[in-house]
Amino acid sequence: QVQLVESGGGLVQAGGSLRLSCVASGSIFSLNVMAWYRQAPGHQREMVAQIVRGLGIDYADSVKGRFAISRDNAKNTLFLQMNSLKPEDTAVYYCHASRDRVDYWGEGTRVTVSS
């Protein structure tokens with residue numbers, strides 16, 4: 001099993017930056033997909049960014065150019081660098097991983113962007 005623990009959320013002003021981290025319990029090398037999702041109040045959970053093994057990186061249009069997903073295999077950690085934050089980025093952000101077509105989720109970290 002894979003356990004995912006997010007951190008780095010908090011309160012920032014519009015235009016600010018945050019860096020989210022997701023630490024996996026084991027090696028992330030074998031994970032086919034690692035991704036960040038978010039869910040804002042009154043909205044469904046949406047994919048923000050993902051790394052798909054062998055295919056590359058995808059971003060939601062709403063964050064393209066502002067967010068950057070990356071991973072550090074040595075530290076078993078996934079990152080989401082969020083720049084130029086907007087109030088509409090306010091949400092609980094979840095780390096997601098897929099291995100052998102099985103999905104794993106973290107508990108989420110809350111991001112609040114004030115205007």
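The values are calculated or read from the model by the stated rules, or taken from the named source; none is laboratory data. Values in this document were obtained by computation on a predicted structure and should not be read as measured data. Please note: Cβ atoms are built from the backbone with ideal geometry, for glycine as well, and neighbour counts cover all protein chains shown. For the accessible areas, the whole protein counts, side chains as well, though only heavy atoms, and no ligand, DNA or RNA atoms are used. Shrake-Rupley method; radii C 1.70, N 1.55, O 1.52, S 1.80 Å.
Computed values, structure above
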quantity	calculated
Residue match in segment 103-115 (condition: touching a Pro at 6+ places or on another chain (Cβ under 6 Å) and among the hydroxyl-bearing types (Ser, Thr, Tyr))	yes
Any chance residue 34 is within 12 Å of residue 96 (Cα to Cα) and surrounded by 12 or more Cβ atoms within 10 Å (Cβ to Cβ)	yes
Top-ranked residue of segment 66-80 - restricted to ones that are of a type in the set (A, V, I, L, M, F, W, C) and in a strand (DSSP E or B), ranked as most open to solvent (accessible area, probe 1.4 Å)	68
Residue list for segment 81-97, restricted to those being part of a strand (DSSP E or B) and either without any contact (Cβ under 8 Å) to a residue 24 or more places away in the chain or surrounded by 18 or more Cβ atoms within 10 Å (Cβ to Cβ) (or both)	82, 91, 92, 93, 94, 95, 96, 97
Elements of type strands (runs of 3 or more DSSP E) in segment 1-65, at least 1 residues being of a type outside the set (Val, Ile, Thr) and touching a Leu at 6+ places or on another chain (Cβ under 7 Å)	4-7, 10-13, 18-24, 33-39, 46-52
Scope segment 98-115; condition open to solvent by less than 40 Å² (accessible area, probe 1.4 Å), within 14 Å of the chain's Cα centre (by Cα) and at pLDDT 95 or above; matching residues	106, 108, 109, 111
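This table checks each residue for (1) touching a Phe, Trp or Tyr at 6+ places or on another chain (Cβ under 9 Å); (2) modelled with pLDDT of 95 or more; (3) of a type in the set (Asp, Glu); (4) surrounded by fewer than 14 Cβ atoms within 10 Å (Cβ to Cβ).
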site: 12; (1), (2), (3), (4): no, yes, no, no
site: 41; (1), (2), (3), (4): no, no, no, yes
site: 48; (1), (2), (3), (4): yes, yes, no, no
site: 60; (1), (2), (3), (4): yes, yes, no, no
